[in-house]
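Q: First the structure, then my questions, so here it is.
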Amino acid sequence: DKALKKHELSFQQPVLENEFTYQQIGYIPHDHYNKLTWIVGEKHFAVILNGEVRFCGVNFHYMNMDLHLHTPQTIIIGTNGQGRKLFRSIRISQLKTSPKTNTRQGAMKIDMKQSNNKLPNLRQIVHPEYGQNYWFNGCAGYLMECLGEKDYDYWFFAGISGENFTQFYSRNYFRGDGLVDYRLSEKGNHGFIEEIFAKCGYASTFVPLRQILSNREMYVQMLMAYIDRGLPVILNDYGNNPHNRFSWGVLVGYEDYGRTLLYIGGDATEPDSISMDDLLPKGYVEEGDHCHGWLFVGEKLESKDLTGVYRERVLSLPQLLTYENENYCLGEKAFRAWADSIENGSFEQIRPEEFDNWAMYTVYVCGLATNSGGCRGFLEKALALNPDMIFINTIIELYQKTGHYWNNDNGEDLEALGGGFNVRLEALQSKSKRKKMADKLRLFADCMDEVIDLVSRNSNTKK
């Protein structure tokens, strides 16, 4: 089947193990022996077939690592279960590594690492007073700022990630503060983060926490190399953090040769310091399947057409606003599941001392309140870039309508009904009060239905 023959060249990055695939450059003749050479170098990663260079890559993340800190691994050569292969000969050679000292004009030059460094352009990552309530997007925007990218700010990422458009609801336990956290609550789904940066044209690698903990020194050295290049590293786990800061943040500096690290979390105005032993404690065990780790941005692979990026996000809203699985749901399904849960008495057996206001309820209120106005700027930019998509004006109106349902509906809004940020457990346990809250939330769902229908009917709009 020619459609299935993509002739891919596929490999996992050394050490980090994230997969790379390149189509149409992996064809191998089948009528004779082939000489295949893999070169895993400090500055180049190359694949050579029968003397022809099929691939040569630079700036892979492993090239920033001090591989002398990595435990040597067994080399396994096989077919990965894809049929029998005949090897006539195999040769493995150690590449020469860069010398640690060298001489220049009779003087010895020693490669010395500095003990302290931090990024020069430190600032607050998000501003809640402006409706910037999803911290990952602020971290991503700050990272792009350090790369000199002006088009990829908080509001861009809040739209591309889907957070500023999407209500969320957990069917079981607290999964975080927004869509990104929910996606990462799925076991092994950290590729979701890498896909977001791919939409900006950048390679990236999310390294799971368990992998970092397996070789703390090597990954801290890699972090220091990024800081020295002027780039932060995004994280979403703080180990035994003494500062009581959580959620997303950025590592922005180091002291004492990496024994102490500097980070800014969310709405902090100055970096906090944390010891490596607190951030990456030995014996630390993650709870559950949530993907925690560090995000390293890579090289820019291509320049993206913003017109197409914004267009794709808007046209994909129906898929986003109808997503659900056994653990959580999004969009219109989230509003209805939340409403049903309230009306059916999910809070009836909760004792006052057990009621966690944020995790059990107001995190969802924060989501609907944020999104009612937070997506407007992204939608206006999408319309400016794609003037044929005039239906976007109606989407803006529908999200504004949810804002009125939340806090400006002639005394019948969610806040006035006692189901907003001011919610009390007694109201959630009252059949008459909770029914009114649930009915109001179903109106939010109706608005999302209209958005879904509107975009679906206009999905064939041409550029």
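Q: Quick one: TRP358, TRP135, TRP155, TRP406, fewest Cβ neighbours within 10 Å first, how do they rank?
A: TRP358, TRP155, TRP406, TRP135
Q: Still on this structure, I have one more. Among ASN164, ASN410, GLY191, whose Cα projects farthest towards the positive end of the dipole of the chain, with charges put on the beta-carbon of Lys, Arg (+1) and Asp, Glu (-1)?
A: GLY191
Q: May I ask for the percentage of alpha-carbon pairs in segment 135-250 that lie more than 22 Å from each other?
A: More than 22 Å apart: 37 percent of the Cα pairs in segment 135-250.
Q: Once every DSSP H run of n ≥ 4 in the chain is given -39500 (n - 2.57) and the sum is divided by its residues, what mean residue ellipticity at 222 nm do you get, rounded to the nearest 500 deg cm²/dmol?
A: -9500 deg cm²/dmol
Q: Test of understanding: ordering THR74, THR370, THR37 by Cβ neighbours within 10 Å, fewest first, what list do you get? Each step should come with its number before you reach the end.
A: On the way: THR74 4, THR370 22, THR37 14.
By the 10 Å Cβ count, ascending, the order reads THR74, THR37, THR370.
Q: Next question. So what's the angle, to the nearest 10 degrees on a 0 to 90 scale, between helix 331-343 and the longest Cα principal axis of the chain?
A: For 331-343 against the chain, the angle is about 50 degrees.
Q: State to the nearest 20 debye the size of the charge dipole of segment 117-246 about its Cα centre, where the only charges are +1 on K and R beta carbons and -1 on D and E beta carbons.
A: Rounded to the nearest 20 debye, it is 320 debye.
Q: Any idea how far the Cα center of segment 334-362 sits from the one of segment 172-202, in Å?
A: Answer, in whole Å: 25.
Q: So how tilted is helix 363-374 from the main axis of the chain? Cα-based, degrees 0 to 90, rounded to 10.
A: Once rounded, the angle reads 90 degrees.
Q: Hey, what did the chain get for relative contact order, percent, Cα under 8 Å, at least 6 apart?
A: After rounding, I find 15 percent.
Q: With +1 assigned to the C-beta of every Lys and Arg and -1 to the C-beta of every Asp and Glu, and no other charges, what is the dipole magnitude of segment 329-457 about the Cα centre in debye, to the nearest 20?
A: Numbers: 15 positive and 20 negative charges, 21 e Å.
My answer is approximately 100 debye.
Q: Could you work out how far helix 216-228 tilts from the main Cα principal axis of the chain, as a 0 to 90 degree angle to the nearest 10?
A: Once rounded, the angle reads 80 degrees.
Q: Determine the distance separating the Cα centre of segment 390-434 from the Cα centre of segment 254-277; give it in Å without decimals.
A: When both Cα centres are located, 40 Å separates them.
Q: Dipole magnitude of the chain about its Cα centre, charges +1 at Lys/Arg Cβ and -1 at Asp/Glu Cβ only, in debye to the nearest 20?
A: 1800
Q: Ranked highest first by the average count of other Cβ atoms within 10 Å around their residues, in what order do 197-205, 182-190, 267-275 fall?
A: In descending order of packing, they fall as 197-205, 182-190, 267-275.
Q: Right, another one. Past 28 Å, Cα to Cα, is the threshold; run LYS300/LYS333; LYS85/LYS300; LYS113/LYS150; LYS401/LYS435; LYS300/LYS401 against it and keep the listed order.
A: Long pairs (Cα-Cα over 28 Å): LYS300/LYS333; LYS85/LYS300; LYS113/LYS150; LYS300/LYS401.
Q: Expressed in whole Å with the largest first, what are the equivalent ellipsoid semi-axes of segment 329-457 derived from the C-alpha gyration tensor as the square root of 5 times each eigenvalue? Before the final figure, lay out each step's value.
A: Working: eigenvalues 190, 35, 32 Å².
Whole-Å semi-axes of the equivalent ellipsoid: 31, 13, 13.
Q: In addition: Along the charge dipole of the chain, which of GLY288, GLY138, ALA46 sits closest to the positive end, that is, farthest toward it, with unit charges on the beta carbon of Lys, Arg, Asp and Glu (+1, +1, -1, -1)?
A: Projecting each Cα onto the dipole axis, the largest value belongs to ALA46.
Coordinate-derived values only; no laboratory data. Remember, predicted model here, so these are calculated numbers, not experimental data. Glycine also receives a Cβ, built like all others from the backbone with ideal geometry; neighbour counts cover every protein chain displayed.
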